[in-house]
Amino acid sequence: MTDQELARLISRVGLQGALKSGALDASVREDAAEVAGVAVNAAKTEINTAMQAALKNVSSSEKTNVLSKNMFGRFDSEVLSTVHTTNIVMDLEAPFTGLRIGLHNIHTAAVPGVRVCVAVRDKLEYDNNDARWAAEYQLSGGTWIDCTFDGNVSGTLAPRIAAERTSVTWTDIVPLQSIPRTDGGVRPIIMVRVELPNGSIMTRPYNQTYNWRGDQAPRYFRTSKQAVAGVTNKSAFTQLANTEASTICPAIQYYSTKAGKQLLIVADSTLEGIGSTPTCYGAAQQAALTTSTVDSPVDYWNGALHAQVPLTYTPRIADLLPVVNPTHLFYSPWSGNDVAPGGIQDDALMRSRQALSMVMGYLANYKSPVKVVMAEGLPTTTAGRNTGAGDSRRIAYNTWLSTFTGFTPAVGYAQAVSGATVSGQVQLDSALTTDGVHPNRAGYDKLAAVIKPLLFGA
């Protein structure tokens, strides 16, 4: 029997089977064992190759060439008494070869007659030290392109999904390519105009866009508005002054030449990044933006809802998974908004566990792997929110979170902003808060240092 025939026999019936069959005599048994060893080694090599391929697939699943920027979480509405155009200038994380504009609607009914146009710029003309806080509204290096909705020049925004849960209506993809900067900058700049007819219901950031024009803003952002049809007649828009109130802030989904990471943020105000002064300067946002580079971009979609409890904001994960297609999710299963007068109650912790189970269900039915990092419940000061000796329930809950497998608990997250213990309540460090409930900018920076390696690696 040749070695090849022997190998085929062993692969079919096994070594012991070949021996029992009488096909081998004693003089070839040693050779048979040797051939079997070769077969085993070949099998090990094949398994190892498959494992390496699987590892590569896992690694590639944490990167995407489709990135989305959405800076604000909670939205409300305003009735317009005249035609309204918002002009937005912002930079994106990486070069792109196409994009589309997403418009939120928090209204219960559809909003028709919406028009959008978009352009690229090759420079920024105003910086954060400009006393006028002026906003660019003219072209520099690009041309206006009118967006369409299913091929139509105007679109209808879908009704909201549910209370506190906006719909997002997208324009068609615009084959607009980023252009090099002439001012020494590296990130591409886009201009977007959104026009709503008279009588429309406008959806705007709940806390407006306060502090996004100054050094609180992690990226360049300017917005101006004018009571003209500034998309229909682009030259009619002449408003230079930057504004913070009553403006539209769209989502941008762009198709990048660089593979990067996409972060979805879902929680309450502590992840939305607000405090006594709304800033949207949050820990997850800072983790993303300080990690991001032009060649390895990281962008975020802020889907957090301040002043809401887990059973209200958690369904946003189901809403946004197919919209954002995130590689990473930063989620808080516990919220201080569920603290009843007199302290943390067991029923609130049960609701938190229910919400966390909902997340598992959403992700189990989602087509792509998502890395999930879970925030621990944060402390508050006694003056900000009195939890008393019942604060031990929050601490025990954080300990329980640390036992999870499959998800990544952010162990040390709460400790990073914790101070002394008073009457059984761990205090939010007074140097890291302005209102006793939310971290301030320094506090969010400390939290970002904890979660950045958990989300994106060292």
Q) Of the residues Gly388, Gly412, Gly424, which is in contact (Cβ under 8 Å) with a residue 24 or more places away in the chain, within 27 Å of Gly260 (Cβ to Cβ) and surrounded by fewer than 17 Cβ atoms within 10 Å (Cβ to Cβ)? A) Gly412
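Against the definition (touching a helix residue (DSSP H, G or I) at 6+ places or on another chain (Cβ under 6 Å) and within 25 Å of Asn440 (Cβ to Cβ)), how does Val309 come out, yes or no? Step through it out loud before you land on a result.
Details: touching a helix residue (DSSP H, G or I) at 6+ places or on another chain (Cβ under 6 Å): yes; within 25 Å of Asn440 (Cβ to Cβ): yes.
Against the criterion (touching a helix residue (DSSP H, G or I) at 6+ places or on another chain (Cβ under 6 Å) and within 25 Å of Asn440 (Cβ to Cβ)), Val309 qualifies.
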Q | The listed residue being more than 19 Å from Gln425 (Cα to Cα) and under 17 Å from the mean Cα position of the chain (by Cα), out of Ser368, Ser357, Ser402 | A | Ser368
Q) Among the residues of region 322-354, which ones are within 19 Å of the chain's Cα centre (by Cα) and either charged (D, E, K, R) or surrounded by 21 or more Cβ atoms within 10 Å (Cβ to Cβ) (or both)? A) Val324, Pro326, Thr327, His328, Leu329, Phe330, Tyr331, Ser332, Pro333, Trp334, Ser335
Q) Within region 270-298, how many residues turn out to be within 19 Å of Asn65 (Cβ to Cβ) and touching a Phe, Trp or Tyr at 6+ places or on another chain (Cβ under 6 Å)? A) 2
Q. Which pairs do you get when a residue that is closer than 25 Å to His438 by Cα, found in region 281-295, comes within reach of a residue that is basic (Lys, Arg), reach meaning Cβ atoms under 7 angstrom, with the pair 6+ apart or on two chains?
A. Tyr281/Arg441; Ala287/Lys452; Leu289/Arg219; Thr291/Lys452
Q: Please give the strands (runs of 3 or more DSSP E) falling wholly within region 90-171 in which 3 or more residues are crowded, with 16+ Cβ neighbours inside 10 Å, among the β-branched types (Val, Ile, Thr) and at pLDDT 95 or above.
A: 111-121
Q.
Please count how many residues of region 233-254 are surrounded by fewer than 18 Cβ atoms within 10 Å (Cβ to Cβ) and either touching a Lys or Arg at 6+ places or on another chain (Cβ under 9 Å) or assigned to a loop (DSSP other than H, G, I, E, B) (or both).
A. 7
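Name the residue, out of Glu93, Glu125, Glu136, that is farther than 14 Å from Thr203 by Cα and free of Cβ contacts under 8 Å to residues at least 24 places away in the same chain.
On the way: Glu93 fails: free of Cβ contacts under 8 Å to residues at least 24 places away in the same chain; Glu136 fails: free of Cβ contacts under 8 Å to residues at least 24 places away in the same chain.
Exactly one residue qualifies, and that residue is Glu125.
Give the residue that is surrounded by the fewest Cβ atoms within 10 Å (Cβ to Cβ), with candidates limited to residues of region 441-458 that are within 21 Å of Lys63 (Cα to Cα) and under 17 Å from the mean Cα position of the chain (by Cα).
Step one: filter region 441-458 for residues within 21 Å of Lys63 (Cα to Cα), giving 448, 451-458.
From the residues that got through so far, the ones that are under 17 Å from the mean Cα position of the chain (by Cα) too are 448, 451-457.
Values: Ala448: 22, Ile451: 23, Lys452: 20, Pro453: 11, Leu454: 19, Leu455: 24, Phe456: 20, Gly457: 9.
For region 441-458, the residue satisfying everything is Gly457.
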Q | Filtered residues of region 255-277 (kept if buried (at least 24 other Cβ atoms within 10 Å of the Cβ), in a loop (DSSP other than H, G, I, E, B) and either under 12 Å from the mean Cα position of the chain (by Cα) or at pLDDT below 95 (or both)) | A | Ala267, Gly273, Ile274
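Going through region 425-458 one residue at a time, which ones are at positive phi and at pLDDT 95 or above? Explain how you work it out, then say what you get.
The initial filter retains those residues of region 425-458 that are at positive phi, namely 436, 457.
Answer for region 425-458, where residues must be at positive phi and at pLDDT 95 or above: just Gly436.
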Q: Check Thr399, Thr421, Thr403 and return the single one that is among the hydroxyl-bearing types (Ser, Thr, Tyr) and in a strand (DSSP E or B).
A: Thr421
Q) Which numbered condition trips up Ile179, out of (1) without any contact (Cβ under 8 Å) to a residue 60 or more places away in the chain; (2) farther than 27 Å from Asn325 by Cα; (3) part of a loop (DSSP other than H, G, I, E, B)? A) (2)
Q. Could you say which residue among Arg204, Arg187, Arg213 is in contact (Cβ under 8 Å) with a residue 24 or more places away in the chain, under 20 Å from the mean Cα position of the chain (by Cα) and in a loop (DSSP other than H, G, I, E, B)?
A. Arg187
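The values are calculated or read from the model by the stated rules, or taken from the named source; none is laboratory data. Just so we're clear, the structure is a prediction, and the values are computed from it rather than from any experiment. All Cβ positions, glycine included, derive from the backbone under ideal geometry; neighbour counts span all protein chains shown.
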